[in-house]
Amino acid sequence: MTGRPGRDACVPARPAVAALVASAIPAVTGAFALLAPASARAATASVLRPESPGAAEIRSLAFTVLLISAGIFLVVEGLLLVSIIRFRKRPEAEAPQVRGDRRLEIVWTAIPAVIVVVLFLLTVDTMKDLDLPGKNVTVGVTGHQWWWEVRYPGADAVTANEIHVPVGRTVQVALESADVIHSFWAPQIGGKTDLIPGHVNRTSFLATTPGTYAGACAEFCGLQHAGMRFWLVVEEPGEFSAWLKHQAEPAAEPKTPAAAAGKELLLSLPCAGCHSVRGTAAQGTVGPDLTHLAGRLSLAAGTLPNTPQNLRRWLHDPQAVKPGNRMPTVPLTEEQLNQLTAYLEGLE
Ligand code: CUA
């Protein structure tokens, strides 16, 4: 999440068409970075602070388009001002009445057409670079209303709302949806890619700086669309391997009597019908896998930081925390709440 000097160095050279414009980009980028609020610079989801070559290319394209648009704006507004002043209404004379000028018509049809073709070619060129060949890691991500299921083919690891990847490695993401169309977006790492029911979409990226990056659903998908977030954790390859190995392990056994009672509760209440805790009889697939819940950064897809107090709050009344979400409220006594929290807090 920390800013590193020289991030712009990973912007690959652009073709000749854009070379001139691109030379002005760092200055404009700098100006925009200053406009971003301080908080966005510290913990950001900003497309202006890319941490992958792909995201840097997208930013570069965005500024190229912005500069072209600014040029158009200046020319059009300039001509407008000249016309207003030079050809303003004068009392003494009626303006010459002219109809149609073929040459003018052709010119002002051709210029926008050329601009659109240039923008199209620049976009295709960027898209080509975003499609990375090969892969070091494959991640399967399934969008649900309103959370993210994350699987690692080849490892038995299943998690939710948190995607870990190794730094400096090509990551291929296979995207699916369990219900409606969602869109996968980690602004600092890459562009948006839709998750479409009945179809596997793919995207790829290579993150260059370890850190924890914000991600979100970028396609309106219902009441809690805004509550469909995830964290993308980019870590050293060794840390990533250790994390993946741990995620593939079955759930920890309860260590206290309260936690043991919590486990019994989870298995006897409706919880087990929707959630899996690997290594137990809970094998539901409707909601997030809870096997290593306690090790995650957030609860309810980025709605709450993962603390025992928040977990208790969530279990007590999920609809109050995230209205409309698919987790029904299960009536629990204070003691049951404590036991269930104790068990889930032990699932590291
Ligand atoms: Cu999922 Cu918006």
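The values are calculated or read from the model by the stated rules, or taken from the named source; none is laboratory data. These numbers were taken from a predicted model, which means no experiment stands behind them. For neighbour counting, all protein chains shown are included, and Cβ atoms are generated from backbone atoms with ideal geometry for every residue, glycine included. For the accessible areas, the whole protein counts, side chains as well, though only heavy atoms, and no ligand, DNA or RNA atoms are used. Shrake-Rupley method; radii C 1.70, N 1.55, O 1.52, S 1.80 Å.
Answer yes or no as to whether ILE68 is of a type outside the set (Ser, Thr, Tyr) and exposed (fewer than 10 other Cβ atoms within 10 Å of the Cβ). No. Just a yes or no: is a residue in region 228-236 open to solvent by 40 Å² or more (accessible area, probe 1.4 Å), more than 16 Å from the ligand (Cβ to nearest atom), assigned to a helix (DSSP H, G or I) and of a type outside the set (A, V, I, L, M, F, W, C)? Checked against the condition, which is being open to solvent by 40 Å² or more (accessible area, probe 1.4 Å), more than 16 Å from the ligand (Cβ to nearest atom), assigned to a helix (DSSP H, G or I) and of a type outside the set (A, V, I, L, M, F, W, C), region 228-236 yields no hits at all. Restricting HIS144, HIS164 to those that are at pLDDT 95 or above, open to solvent by less than 30 Å² (accessible area, probe 1.4 Å) and more than 16 Å from the ligand (Cβ to nearest atom) reduces the list to HIS164. For region 90-101, the set of residues classified as closer than 27 Å to PHE73 by Cβ and open to solvent by 90 Å² or more (accessible area, probe 1.4 Å) consists of VAL98 only. For the structure I just gave you, tell me whether PHE120 is open to solvent by 70 Å² or more (accessible area, probe 1.4 Å), out of contact with any Asp or Glu (no Cβ under 7 Å at 6 or more places or on another chain) and under 26 Å from ARG59 (Cβ atoms). For PHE120, the condition - open to solvent by 70 Å² or more (accessible area, probe 1.4 Å), out of contact with any Asp or Glu (no Cβ under 7 Å at 6 or more places or on another chain) and under 26 Å from ARG59 (Cβ atoms) - is met.
Inspect all residues belonging to region 111-129 and state whether any of them is of a type in the set (D, E, K, R) and either over 21 Å from the mean Cα position of the chain (by Cα) or modelled with pLDDT of 95 or more (or both). Quick ask: steps written out before the conclusion?
Taking region 111-129 and keeping what is of a type in the set (D, E, K, R), we get 125, 128-129.
Checking which are either over 21 Å from the mean Cα position of the chain (by Cα) or modelled with pLDDT of 95 or more (or both) leaves us with 125.
Yes, there is a match, as at least one residue in region 111-129 is of a type in the set (D, E, K, R) and either over 21 Å from the mean Cα position of the chain (by Cα) or modelled with pLDDT of 95 or more (or both).
The single condition among (1) open to solvent by 30 Å² or more (accessible area, probe 1.4 Å); (2) part of a strand (DSSP E or B) that GLU239 does not meet is (2). Taking the criterion of being open to solvent by 40 Å² or more (accessible area, probe 1.4 Å), under 15 Å from the mean Cα position of the chain (by Cα) and more than 9 Å from the ligand (Cβ to nearest atom), the only residue of region 177-190 that qualifies is TRP185. Screening the candidates THR212, THR208, THR256, THR193 for the property of being within 16 Å of the ligand (Cβ to nearest atom) and of a type in the set (Ser, Thr, Tyr) yields one hit, THR193. Examine region 259-268 for a residue that is of a type in the set (A, V, I, L, M, F, W, C), buried (at least 21 other Cβ atoms within 10 Å of the Cβ) and within 16 Å of the ligand (Cβ to nearest atom), and state whether such a residue exists. No - not one qualifying residue is present in region 259-268. When region 147-161 is filtered for residues that are within 16 Å of the ligand (Cβ to nearest atom) and either within 18 Å of LEU206 (Cα to Cα) or part of a strand (DSSP E or B) (or both), the ones remaining, listed by number, are TRP147, TRP148, GLU149, VAL150, ALA160. When THR285 is tested against (1) in contact (Cβ under 8 Å) with a residue 60 or more places away in the chain; (2) open to solvent by 20 Å² or more (accessible area, probe 1.4 Å), just one condition goes unmet, and that condition is (1). Any chance region 71-83 includes a residue that's aliphatic (A, V, I, L, M), open to solvent by less than 50 Å² (accessible area, probe 1.4 Å) and either under 20 Å from ALA207 (Cα atoms) or under 36 Å from the mean Cα position of the chain (by Cα) (or both)? Looking for residues that are aliphatic (A, V, I, L, M), open to solvent by less than 50 Å² (accessible area, probe 1.4 Å) and either under 20 Å from ALA207 (Cα atoms) or under 36 Å from the mean Cα position of the chain (by Cα) (or both), one finds none in region 71-83, hence no.
Filtering region 123-141 for residues that are surrounded by 15 or more Cβ atoms within 10 Å (Cβ to Cβ), within 16 Å of the ligand (Cβ to nearest atom) and either in a helix (DSSP H, G or I) or not charged (D, E, K, R) (or both) leaves a non-empty set.
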